[in-house]
Amino acid sequence: MSKKGHSTDMNSESPTAAEVNLALDYLLAHKKEFIQEFLRERSLFFSGTKSTLRRRLEGYLGDGQLGIADLVQLLDEIEGWGNQHIYLYKAPSQIVEPWLEENSARRHLDDLGLADLFNRQRPLVLPEETTLSAIEWTLERIRFVWVEKREGEERASEEDFEREGMVWRAYRVNVSRGLVAFDWDLVSGYAMLMIQRLHRGTKYSQTRGRFTRELEPIVGLNYFEPVLVSRAIQPIEASGEVRRRQLKYQTRRGGKATFTSAGRSQDTFEDPNLQRAGQALQRETASLLGNFYWLPKDTLKHELHCNIYAADQRIGIFGEHREQEIRYVLSRILHYCRGASRTR
């Protein structure tokens, strides 16, 4: 699946005007605070609207204060952590060991023809094929990042028309940039497959399968144990760390019950009737869904919305967030997973 050529590697050839414009379009589709922080860190002017920021970025590219690789790196940082759907794994120690030393990790990647990406990045905007763009290694972790072109359809009802008894319904093809990352903590052994939000109707299980096959010859993913994140739902419900937006349960006989709060800013069990019903159900049911807003605490400065799906043991993170915020919430989910496992 991964393309190993360098035809879209902008380290090896100058980007076209179309590539630059596309990178700016994608970048400016995100919160401007990310761009402003990026410019501030480089002692460059960072104030203004998004239109102003675009002109500033074009000027910095033109006079050489920034390169297209800088912008793509920022884009990867933003898209690599916000709006993610995540599968967690735990690696056995014998799988971790070859990656703990730089020379050993480098030799393994060299055997796979990937040594040229060791702690390097191909600054790709929108490759035609799914392409491994970076391998970031430290003593603590290794992270593989793929960039891909995604196409999806969205309804364009304003373009519908009817003629001679036939109704024609229009769809607009939406082309977007997508990131998939495999982030592996070499100290704890825990890893996560991170899939940036897909177009509506696309199955995450299919994308997971695709990248499982891609990662198997690289890290031996089939030897990793999937983390059953659904075990964390009920402990998180009772933790006081979240606002509970929606909860879904299944009884032993297959019946299902869903509890939803009156609004996003309200907790489900603020309603005393739902609270009594929920307490009765929790003792006799399995959790199918936990829709939570994590409350600000420690490194989490703002609320973070996430879903935990029991059907495929997936975590959905919604909204644009920084790396440390995502890692914090995932660490709390793992904490409750481990606690639930010990009580079983």
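The values are calculated or read from the model by the stated rules, or taken from the named source; none is laboratory data. If you're wondering where the values come from, they're calculated on a predicted model, not measured in any experiment. Virtual Cβ from ideal backbone geometry, glycine too; neighbours counted across all protein chains shown. Note: accessible area is taken over every heavy atom of the protein model, side chains too, but ligands, DNA and RNA are not part of it. Shrake-Rupley method; radii C 1.70, N 1.55, O 1.52, S 1.80 Å.
Observations on the structure shown:
- Residue check for THR131: in contact with a strand residue (DSSP E or B) (Cβ under 9 Å, 6 or more places away or on another chain) and either under 19 Å from LEU215 (Cβ atoms) or not basic (Lys, Arg) (or both): yes
- No other residue among ASP76, ASP111 is farther than 30 Å from LEU24 by Cβ and not polar (S, T, N, Q) apart from ASP111.
- Within the stretch 221-242, if we keep just the residues that are within 24 Å of the chain's Cα centre (by Cα) and under 14 Å from LEU281 (Cβ atoms), the residue that is surrounded by the fewest Cβ atoms within 10 Å (Cβ to Cβ) turns out to be GLN234.
- Looking across GLU97, GLU129, GLU154, GLU148, one residue alone is open to solvent by less than 90 Å² (accessible area, probe 1.4 Å), among the acidic types (Asp, Glu) and touching a Ser or Thr at 6+ places or on another chain (Cβ under 9 Å). It is GLU148.
- TYR89 being among the hydroxyl-bearing types (Ser, Thr, Tyr), within 26 Å of ARG208 (Cα to Cα) and open to solvent by less than 60 Å² (accessible area, probe 1.4 Å): yes
- In the stretch 47-61, the residues that are outside any helix (DSSP H, G or I) and open to solvent by 70 Å² or more (accessible area, probe 1.4 Å): THR49
- Check on LEU247, free of Cβ contacts under 8 Å to residues at least 60 places away in the same chain, out of contact with any Asp or Glu (no Cβ under 8 Å at 6 or more places or on another chain) and not charged (D, E, K, R): no
- Count of the stretch 150-176 residues which are assigned to a strand (DSSP E or B) and either among the small types (Gly, Ala, Ser) or at pLDDT 95 or above (or both): 2
- Only a single item in (1) open to solvent by 80 Å² or more (accessible area, probe 1.4 Å); (2) touching a Leu at 6+ places or on another chain (Cβ under 8 Å) is not met by ILE35, and it is number (1).
- Residue within the stretch 199-220 that is open to solvent by 50 Å² or more (accessible area, probe 1.4 Å), part of a strand (DSSP E or B) and out of contact with any Leu (no Cβ under 6 Å at 6 or more places or on another chain) present: no
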